[in-house]
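A.B. asks: This is the structure, below, for whatever I ask next.
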Amino acid sequence: MILKGNNLKKIQIPYTWLFGFLGIIGLIYFINSRDRNKQHPQESIVCNAENTLDKQFVNSGNKFSNSATQSSEESYSGNYSSKLDSKHQYGMSYVIESPTPGTRYHVKIKRKSNNSVHSALAINMDPISAGYKQSSTPTHIDKNGWETLELEFIIDDLTHVNKVSIFPYLINDKSVAYFDDLTITINPLTPYRDLNHTQLHLYLDHKALNKLNNKRNKALSEGLLVSADDDWVKAKLTEDDNYGVDVKLRLKGDWTDHLRGDYWSYRIKMPSDKTWNRMQTFSLQDPSTRSYLDEWIYHMALDKVDVITPRYGFVRLIQNDKKPVLYAYEEHFEKQIAEYRERREGVIIKLSDEYLWSQRMLNRQEEHPDVFETSVTNSDILPFGVKKTLNNPKLKEQFIHAQDLLNAFKERKATAAEVFDMKLLAKYFAITDIFDGGHAFVWHNMRFYYNAITRKLEPIGFDGFTENGAFKVYNNLFFGEFKSGIANNNWSAFYNYIYKDPKFNEYYVPALNKYSGDLFINELLQEKAEEVTKYEKLISNYTAANYSLDKSKIRKRARLINRNIQPRDEISIKAYRDSKNSATIDVSNYHPIPIEIIGSSNDKEAIKHDAIITLINSNARNQPPQYTTIDVDASHRFIHYRLAGSDDVFYSTIRKWRHPENLISRYEPNQKPVIPFQEKDYSLTDNQLVIKSGKYIIDSPLILPKGYTLILSEGTEIDLRNKSYMLIYGALRSIGHAESPITIASSDQSAQGVTIIQADKKSVLAYTTIENLNTLEENEWQLTGAITFYESDVDMVNVTIRHNHCEDALNIIRSKFNISKLNINHTFADGFDSDFCKGSLTDSYFHHTGNDAVDYSGSVVDISNLRLENIGDKGISAGEQATIKANNVYIDGAVIGIASKDLSSVTVTDLDMHNCIQGLAAYRKKPEFGGGIINVISYTATNVERLTQNDDESRIFLPQKEN
């Protein structure tokens, strides 16, 4: 059933002020002002179930849905109530259209039932992300058996809400419940609360306070807080007026600015089955310790460019009976931090700072050598959640590899490109430079997420500021300026190695140029303007009077960086020719960041594009210049260059003498494709590997680097044996015909699948059969799909995948897809698994799957004309806030026909289910999410043992039957 009701009529509260105050004794006050900072009257909307009109309850001009439930069998007041049973699962319902921001709603209803857990009062907001609440627990019970259910919600200024549906409903349709006197009380928010921020209550008993105080006093006397495993104390945490949760907490922070006065910083750990704000562990700290909104806008910028960053915001906190104070909250490093940013769960690692802080403690007690000389070299590499990581074989393997990657880089046995995701690392450094978050660059503040798909480390950006604002770890305008010249301590050398990697600079320079431009800065500040205004109010009211984010400082710094990174004619590049008629020249880069050489000419304006070479920061401070030799026309007098990713071209005159001294130029190895076919069986032109039509037995891997495309000719049959596989960092084009299809199979059933990663072009598959494949497994690198697309868009038509020997027949991740006429059958487990994708699936047939036929997580997918038969578990499964719209779905033989979980929404029309144990199921699976929704527009069900099943947080809407 889809709930609808009349629009909430706007309540006209006149702007009436005190008048007649001319000495008369009687004072008349009209205090119904709409000013939120003044007292407001209550306005109520009531449904007493007494009157009906046109299939709706009516009362005082308001209309409520589902008048067919009116019953005289029981009533709390008057003669009627709303009876819910197997025929009518939803009672008197009201919809508030376009609710006014800055308003608090209190909802109350009377209930009489034989089992209180089988019915509830619910509030559903549109969009669903705005919120959903329900309650089946009474706040009061009358002697005659009537109970009171209550809910409260706030429409704040930060979250857009289209409408709010308020309704009672049966959780178990075999029960009977009576509802009466639905009352919706409307109040504008009172001072402070109108700023739309949750209020937390933290309760600590005397024992816990004493332990924390003793730890604090010790830290104050020593000048440092050194945390230990036995620091945790028990506490109770309550959000607004909800029930309290038992938590553990300890003091948090390294320096004593986290412990001043009564404003202590905490690390809070929720129970394993609970989250707050979808976080399992988080910190609460004085907002000034991270320079208020400077840290917040830094997080927002990182998030905008898809760099992982902890959730960060502000919340009011009352500790025991103290007055409310404002805290900043920050997500801790657990699996939710990756999943919330649309990554799979993976280990998060850090360079341990235990040695550094122990040395600093000694420094405060007596003279001691400089800790910075050895701290980064001697630091351990540790995972967050050591126990969980070691107890999970997959995570343990991932950690071992992540540890080896970072250690190899730390010891300079691997390049940055071999260890890190270069694109994300470059974005992280550029954003941190531009927003002056230099504190994040301190080596022991760095955190890395291991991406098990790419097998690379991704940076996690946080802790960019201190209580004194920007923290300078360098004397340059930005960290990347002449970076190779900074070598005054050990940990700077750690970063130098990143900036010396040409692959890093291919991404860093364009990112620094783009994100320091006015377009990006203005777009970010405009997108966050409303939130900034509200946070400024909140901080001003609680912490720093008349506080405002210094947006002019942000713009000024960005423009300063942008101006300084632009090359200059005759200055940025110095070029030397050894002899007059030489066709080679030596060039040195005097610019603070790398520059691309794009060609030469005999005229400043007429450029011959005969070279593209990226130069490192060769002429860095306190270092001799480095030179690169390039070939040019011997008659040319000018060299031309540009900033990577820019269209503006500059020039320098080629000097007619050699440079003072020659240095050995840096060697940059080139990755080459690995081709297991004989030369007669393929052609390779312009990075396109074309396999000629024929039958092939392949017993070693095929690997193509980024920028290559694999093209399989029609009629091609490939037999992958001896654990061979196809690993393509580019596009796959496998286009057969009905008369001459393409087959990729494994006669010995050992093949490790087909994997396409971060392709720069769309892949296309047609009339292709993939059979008997396993997935890629190489040490800890274990994928799940017989064919996998990661960040690689794909179109498919008339593709068959069958008899796979791994978790997923088809796995698509963070990609766009358009698929029609897909046939998946006889799978080991799932048929089609999609994670964080957007796409469509049409005219397809899945049968005999070992587990789910369709499993979509965090994806937005349209489905039409889908036939599912003999399914091992769920026909369609939606999870992790997926949105699925399906039309004409036939399911015959499944444990569950359709499942929606963890804030997912499934809307289905023309659903035809047969021979299922469970027809529809909606529930919450993960604690950081909410329930699921299934909205069925039309359906038939034959031999379905149980049609619907949902938990308290989830809802299933069926078509409303005619009265």
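The values are calculated or read from the model by the stated rules, or taken from the named source; none is laboratory data. A quick note: this is a predicted structure, and the numbers were derived from the prediction, not measured. A quick note on method: Cβ atoms are made from the backbone with ideal geometry, for glycine too, and the neighbour counts reach across all protein chains shown.
A.B. asks: Please pick out the residue among L249, L302 that is closer than 30 Å to R104 by Cβ and of a type outside the set (S, T, Y).
C.D. replies: Just one listed residue meets the conditions, L249.
A.B. asks: Among the strands (runs of 3 or more DSSP E) contained in the range 884-963, which hold 2 or more residues that are β-branched (V, I, T), more than 30 Å from S136 (Cα to Cα) and at pLDDT 95 or above?
C.D. replies: 939-950
A.B. asks: Spot the failing condition for R568; the list is (1) exposed (fewer than 14 other Cβ atoms within 10 Å of the Cβ); (2) modelled with pLDDT under 70; (3) of a type outside the set (S, T, Y); (4) under 24 Å from Y507 (Cα atoms), and only one is missed.
C.D. replies: (2)
A.B. asks: I've got another one for you. Give me the strands (runs of 3 or more DSSP E) completely within the range 718-777, filtered to those with at least 1 residues that are under 34 Å from the mean Cα position of the chain (by Cα), ordered by residue number.
C.D. replies: In the range 718-777, 726-728, 731-735, 754-757, 763-771 are the strands (runs of 3 or more DSSP E) which contain 1 or more residues that are under 34 Å from the mean Cα position of the chain (by Cα).
A.B. asks: Would you tally the residues in the range 572-597 being at pLDDT below 85 and either of a type in the set (A, V, I, L, M) or within 26 Å of S291 (Cα to Cα) (or both)?
C.D. replies: 2
A.B. asks: Then there is this: Give the number of residues within the range 249-262 that are out of contact with any Gly (no Cβ under 9 Å at 6 or more places or on another chain) and either buried (at least 19 other Cβ atoms within 10 Å of the Cβ) or among the basic types (K, R) (or both).
C.D. replies: 7
A.B. asks: Determine which single condition R568 fails, assuming it passes every other condition in (1) out of contact with any strand residue (DSSP E or B) (no Cβ under 6 Å at 6 or more places or on another chain); (2) not in a loop (DSSP other than H, G, I, E, B).
C.D. replies: (2)
A.B. asks: Shifting gears a bit: Looking at the range 207-230, I want the residues that are assigned by TED's automatic domain parsing to the domain that holds Y263 and have a partner that is at pLDDT 85 or above and part of a helix (DSSP H, G or I) with Cβ atoms under 7 Å, at least 6 apart or on another chain. Which pairs are those?
C.D. replies: Cβ pairs passing all conditions: K215/D231.
The rows are residues; the columns are (1) loosely packed, with under 15 Cβ neighbours inside 10 Å; (2) among the aromatic types (F, W, Y).
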residue	(1), (2)
H201	no, no
S221	yes, no
A228	yes, no
W232	no, yes
V247	no, no
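A.B. asks: Tell me whether the range 79-87 contains one or more residues that are part of a loop (DSSP other than H, G, I, E, B) and within 24 Å of I186 (Cα to Cα).
C.D. replies: No; the residues of the range 79-87 include none that is part of a loop (DSSP other than H, G, I, E, B) and within 24 Å of I186 (Cα to Cα).
A.B. asks: Is it the case, given these coordinates, that E869 is part of a strand (DSSP E or B) and acidic (D, E)?
C.D. replies: Here the answer is yes, as E869 does meet what is asked.
Let's see how each residue does on (1) at pLDDT 90 or above; (2) in a helix (DSSP H, G or I):
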site: Q359; (1), (2): no, yes
site: R364; (1), (2): no, yes
site: L382; (1), (2): yes, no
site: T389; (1), (2): yes, yes
site: Q398; (1), (2): yes, yes
site: L405; (1), (2): yes, yes
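A.B. asks: Same structure, new question: Going by what's in this entry, would K55 be described as at positive phi, modelled with pLDDT of 50 or more and loosely packed, with under 14 Cβ neighbours inside 10 Å?
C.D. replies: yes
A.B. asks: Does any residue in the range 60-76 that is on the phi > 0 side of the Ramachandran plot and touching a residue at least 12 places away in the same chain (Cβ under 8 Å) come within less than 8 Å, Cβ to Cβ, of a residue that is surrounded by fewer than 20 Cβ atoms within 10 Å (Cβ to Cβ) and of a type in the set (A, V, I, L, M) six or more places away or on a different chain, and which pairs are these?
C.D. replies: S60/V46
A.B. asks: Could you check how many residues of the range 461-491 are modelled with pLDDT of 65 or more and either under 19 Å from L293 (Cα atoms) or polar (S, T, N, Q) (or both)?
C.D. replies: Of the residues in that region, 14 qualify.
A.B. asks: Another question, if that's okay. Of all residues in the range 424-449, how many are closer than 24 Å to R555 by Cα and assigned to a helix (DSSP H, G or I)?
C.D. replies: Result for the range 424-449: 15.
A.B. asks: If I filter the range 528-548 down to residues being without any contact (Cβ under 8 Å) to a residue 24 or more places away in the chain and within 17 Å of Y298 (Cβ to Cβ), which single residue comes out as surrounded by the fewest Cβ atoms within 10 Å (Cβ to Cβ)?
C.D. replies: The extreme case among them is A529.
A.B. asks: Looking at R278, R290, R267, which is the one that is under 30 Å from K456 (Cα atoms), surrounded by 21 or more Cβ atoms within 10 Å (Cβ to Cβ) and of a type in the set (K, R)?
C.D. replies: Going through R278, R290, R267 in turn, just one is under 30 Å from K456 (Cα atoms), surrounded by 21 or more Cβ atoms within 10 Å (Cβ to Cβ) and of a type in the set (K, R): R290.
A.B. asks: From the list F471, F409, F441, pick out the single residue that is in contact with a Gly (Cβ under 6 Å, 6 or more places away or on another chain), surrounded by fewer than 23 Cβ atoms within 10 Å (Cβ to Cβ) and not β-branched (V, I, T).
C.D. replies: Within the list F471, F409, F441, the selection yields F471.
A.B. asks: Please verify whether L710 is under 21 Å from N798 (Cα atoms), touching a Leu at 6+ places or on another chain (Cβ under 7 Å) and either in a loop (DSSP other than H, G, I, E, B) or hydrophobic (A, V, I, L, M, F, W, C) (or both), treating the condition exactly as stated.
C.D. replies: Answer is yes for this residue.
A.B. asks: Hey, can you tell me all the residues within the range 762-783 that are modelled with pLDDT under 95 and surrounded by fewer than 20 Cβ atoms within 10 Å (Cβ to Cβ)?
C.D. replies: E777, E778, N779, W781, Q782
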